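One structure below.
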Amino acid sequence: MSSPILPAQGPSGPPVENDSASAGGPPPEVLDQIAAAARIGEQLRQAGHEVRFFSPADGGRVSIEVHDGDGNAIGTLSPAAALELAAGSPLN
């Protein structure tokens, strides 16, 4: 099963004089964070893993699972571990 999230693509065409925030887009620091998340997601995919977030119907806590390339759950992450992963820590 492949991830429905596609890797981030860079801009096509020449650079624009206006910053993206004044043109109605996200500020540059948000674009940088999106690009960093895309790189981490790609590293996970290359290692044969993906992280999935599940929101319970009863309004409880979100669960975070690690899945293999076939979509099988192979473990869970605490919110703190998910944040460490997002910051670039390796998946143990």
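The values are calculated or read from the model by the stated rules, or taken from the named source; none is laboratory data. Treat the numbers as computed from the prediction; the structure is a model and nothing was measured. For neighbour counting, all protein chains shown are included, and Cβ atoms are generated from backbone atoms with ideal geometry for every residue, glycine included.
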So Gly88 clears everything in (1) surrounded by 12 or more Cβ atoms within 10 Å (Cβ to Cβ); (2) touching a residue at least 40 places away in the same chain (Cβ under 8 Å); (3) not β-branched (Val, Ile, Thr) except one condition, right? Which one?
(1)
Inside the range 53-82, can you point out the residues that are closer than 16 Å to Gly41 by Cα and not acidic (Asp, Glu)?
Phe53, Ile64, Val66, His67, Gly69, Gly71, Leu77, Ala81, Ala82
With criteria (1) modelled with pLDDT of 90 or more; (2) among the charged types (D, E, K, R); (3) more than 10 Å from the chain's Cα centre (by Cα), Arg52 comes up short on (3)
